[in-house]
Amino acid sequence: MRVRVLGCHGGETPRHRTTCLLIDERITIDAGAVCRSLTIDEQVAIDHMLVSHSHMDHVKDLALLADQVIGRRQSPIVLHCGPETAETLRSSYFNNFLWPDFTRIPTVDKPVMRIAVREPLSRFHLPAPGAESAAVAPTTLADGEYEVRYVPVTHPVESMAMLIRGSTGSILYSSDTGPTTKLWEVANAVTDLRGMFVELSFPNHMQALADVVGHYTPQTLAAELKKINRRDEIPLFVYHLKPGFYEQTKRELDALNLKNMHLVELTDDFAF
Ligand SMILES: [Zn+2]
Ligand SMILES: [Zn+2]
């Protein structure tokens with residue numbers, strides 16, 4: 001599984017981009033930096049978008065992407081969202097006021113984007129190109145085929161962490177979250193976990209704010225990691241630092257001396 005980092009920060013400046021990962025050229029995790037990172041042809045190649053939650057730094061490029069690929073694809077791009085995120089996208093985003101309803105344009109039968117509601121703790125199958133999706137993903141996955149599991153985490157809105165299993169193993173993406181439990185229980189039962197992308201947003205002195213808005217600081221991240229079995233063996237990829245406090249947060253992260261940890265950068269391109 002190839003994971004290309006398009007955005008890995010909790011805000012945007014000329015040197016920082018909001019969260020967006022590209023898996024094997026045709027699946028994105030979130031949509032914080034699709035359009036400024038990919039060529040038109042690369043944008044048109046996206047078939048599935050795993051949308052963790054409705055916050056703007058994770059959904060902002062859905063709007064421009066929909067507009068950009070219209071007339072250039074045979075099938076809708078599928079947005080996989082939890083029920084509350086789906087409702088927010090319908091009522092407050094593709095609502096014909098903030099942006100046209102691209103889930104009904106150009107026609108209801110063949111729209112640019114289609115919303116697929118994914119219940120908390122559900123598993124779903126993303127088929128290889130040209131294949132049919134199955135109700136239950138096979139135990140052994142072919143190249144280009146995936147099983148995704150959404151696990152709700154701790155944030156002011158519904159926020160789904162996700163485990164993505166491909167033919168070469170699984171990766172974890174925490175989504176935006178404060179201290180949480182279920183995700184680590186689920187992760188501890190995954191035997192082929194190759195990497196964990198875990199958020200970190202604010203420095204320690206902003207703990208009170210981080211608690212209110214559902215994010216980690218270095219000290220809460222350190223406590224969370226103790227919940228993970230085999231933590232030192234599984235590579236940890238930290239993302240979502242706020243640009244305004246980047247250097248301080250990075251210093252506090254470095255001081256934790258975490259084994260097998262990498263602070264994600266925009267040029268990163270991983271193979272799992
Ligand atoms: Zn965020
Ligand atoms: Zn958020």
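The values are calculated or read from the model by the stated rules, or taken from the named source; none is laboratory data. The structure displayed is predicted, hence computed values, not measured ones. Here the Cβ positions follow ideal geometry from the backbone for every residue, glycine too, while neighbour counts run over all protein chains shown.
Brief remarks on what is shown
- Within the stretch 7-30, being more than 14 Å from ligand 1 (Cβ to nearest atom) and in contact (Cβ under 8 Å) with a residue 60 or more places away in the chain holds for 13, 15, 23, 24, 26, 27.
- Considering residues of the stretch 195-241 that are of a type in the set (Lys, Arg) and either within 13 Å of ligand 2 (Cβ to nearest atom) or in a loop (DSSP other than H, G, I, E, B) (or both) only, the residue surrounded by the fewest Cβ atoms within 10 Å (Cβ to Cβ): 226
- Checking each residue in the stretch 31-59 for being away from ligand 1 (no atom under 14 Å from the Cβ) and within 14 Å of residue 162 (Cβ to Cβ) picks out 48, 49, 50.
- Residue within the stretch 192-202 that is farther than 24 Å from residue 272 by Cα, modelled with pLDDT of 95 or more, touching a strand residue (DSSP E or B) at 6+ places or on another chain (Cβ under 9 Å) and within 16 Å of ligand 1 (Cβ to nearest atom) present: yes
Per-residue answers, yes or no, for (1) more than 16 Å from ligand 2 (Cβ to nearest atom); (2) of a type in the set (Gly, Ala, Ser); (3) in contact with a strand residue (DSSP E or B) (Cβ under 8 Å, 6 or more places away or on another chain):
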{"residue": "52", "(1), (2), (3)": "no, yes, yes"}
{"residue": "61", "(1), (2), (3)": "no, no, yes"}
{"residue": "73", "(1), (2), (3)": "yes, no, no"}
{"residue": "89", "(1), (2), (3)": "no, no, yes"}
{"residue": "97", "(1), (2), (3)": "yes, no, no"}
{"residue": "102", "(1), (2), (3)": "yes, no, yes"}
{"residue": "108", "(1), (2), (3)": "yes, no, no"}
{"residue": "115", "(1), (2), (3)": "yes, no, yes"}
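- Residue in the stretch 90-109 that is buried (at least 23 other Cβ atoms within 10 Å of the Cβ) and under 19 Å from residue 161 (Cβ atoms) present: no
- Every pair of residues 6+ apart whose Cβ atoms lie under 7 Å, when the first sits in the stretch 232-250 and is within 16 Å of ligand 1 (Cβ to nearest atom) while the second is charged (D, E, K, R) and assigned to a helix (DSSP H, G or I): 241/250
- Some residue of the stretch 169-176 being among the aliphatic types (A, V, I, L, M), crowded, with 16+ Cβ neighbours inside 10 Å and more than 16 Å from ligand 1 (Cβ to nearest atom): yes
- Elements of type helices (runs of 4 or more DSSP H) in the stretch 2-97, at least 1 residues being closer than 17 Å to residue 115 by Cα, at pLDDT 95 or above and under 12 Å from the mean Cα position of the chain (by Cα): 56-69
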